[in-house]
Structures are given as C-alpha cells and as structure tokens.
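We did not get these values from a lab; they are worked out from the coordinates using the rules stated. Being a predicted model, the structure only gives us computed values, none of them experimental. Backbone-built Cβ (ideal geometry, glycine too); neighbour counts: all protein chains shown.
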Amino acid sequence: QVQLVESGGGLVQAGGSLRLSCAASGRTRILSALGWFRQAPGKEREFVAAISWVRTNPNYADSVKGRFAISRDNAKNTVYLQMNSLKPEDTAVYYCAQSVRTYLPTASREYDYWGQGTQVTVSS
C-alpha cells in the first residue's frame with residue numbers, strides 16, 4: 001500500500017506563487033509516475049503535470065505550461081508542484097497521484113494511488 005500526503009495549498013492573489021508538496025510512504029519502490037491533478041467546483045478532475053521517478057522529462061497540461069513546474073526528490077519520496085503566475089482559474093483542489101505505469105499518464109484512471117487533496121484559491 002502507498003500513502004500520499006499533500007501540503008502547501010492556500011489563498012494567494014493573482015500573479016502570486018505557491019509550492020505544493022506530496023510525500024509518499026509505504027511501498028513506494030513500485031511507483032513509476034507521479035502526477036498532479038486538480039478539480040474545480042462543478043468540473044471534472046483534470047491533469048496538470050506528471051514526472052517519472054527515473055526519467056527527467058515531465059509532462060504538462062497546456063493551461064499550465066510555462067507557469068508550473070513539477071519536480072521530485074527521490075531521497076525524500078516527495079514530489080513538488082511549483083506554481084507561478086497564478087490565475088483565478090487555477091483555483092481548485094489539487095491532488096497528488098502516483099502510478100505503477102512506466103510512462104506518464106494524463107488520464108486519472110491510470111493512477112493507482114491518490115492523496116486527500118489540498119485547496120488552492122487564487123483571488124483576483
């Protein structure tokens with residue numbers, strides 16, 4: 001079993017920055033891909049970014065390219081999401097997810113473990 005705990009959410013003004021963290025514990029050696037998703041009220045959960053534990057080229061949704069950066073610390077079993085130039089439309093609950101797949105999935109159904117989510121609110 002794998003446990004994921006997100007932190008770092010909060011309230012920020014438009015144009016500001018936040019860094020989300022996701023700490024993994026348990027059977028983390030089986031994990032291959034790490035992803036961030038978000039879900040705004042009344043909307044479906046959407047892909048934000050993904051990275052592999054072993055490869056370096058991340059994948060981003062078009063809506064966050066150039067503003068968000070995903071990274072990981074293998075020694076700490078932690079993945080980060082640095083969010084810059086935040087916009088009100090970035091407001092959502094952000095979820096960390098991890099997959100046993102060796103590629104970088106963008107569909108939520110391809111992730112096996114999920115955190116509880118952390119709220120990000122961007123005011124205009």
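Here's the list of lysines a cross-link from Lys87 could span, going by alpha-carbon distance under 24 Å and ignoring same-chain residues fewer than 8 apart: Lys43, Lys65.
With Cβ to Cβ distances under 15 Å as the rule, what net charge do the other residues near Lys65 carry (K, R +1; D, E -1)?
Charge balance near Lys65 sits at -1.
For the chain, the Cβ-based charge dipole about the Cα centre amounts to some 280 debye (Lys, Arg positive; Asp, Glu negative; other atoms uncharged). Label point of Arg67 set 7 angstrom out along Cα-Cβ; within the stretch 88-124, amide nitrogens under 17 Å from it belong to 88-95, 119-124.
What does the charge count around Ser21 come to, taking other residues whose C-beta lies under 11 Å from its C-beta (Lys +1, Arg +1, Asp -1, Glu -1)? Spell out each step's value before the answer.
Values: positive: Arg19, Arg72, Lys76; negative: Glu6, Asp73.
So the surrounding residues net to +1.
Couplings 3J(HN,Hα) of the stretch 61-69, computed from phi: 5, 4, 5, 10, 4, x, 10, 10, 9 Hz, in residue order, whole Hz [Karplus 6.51 cos²θ - 1.76 cosθ + 1.60, θ = phi - 60°; x for Gly and Pro]. Taking Lys and Arg as +1 and Asp and Glu as -1, the other residues whose beta-carbon sits under 12 Å from that of Val54 total +3. Taking 0.36 nm per residue of sequence separation and removing the Cα-Cα distance, the Arg109/Arg27 pair yields an extension gain of 27.5 nm.
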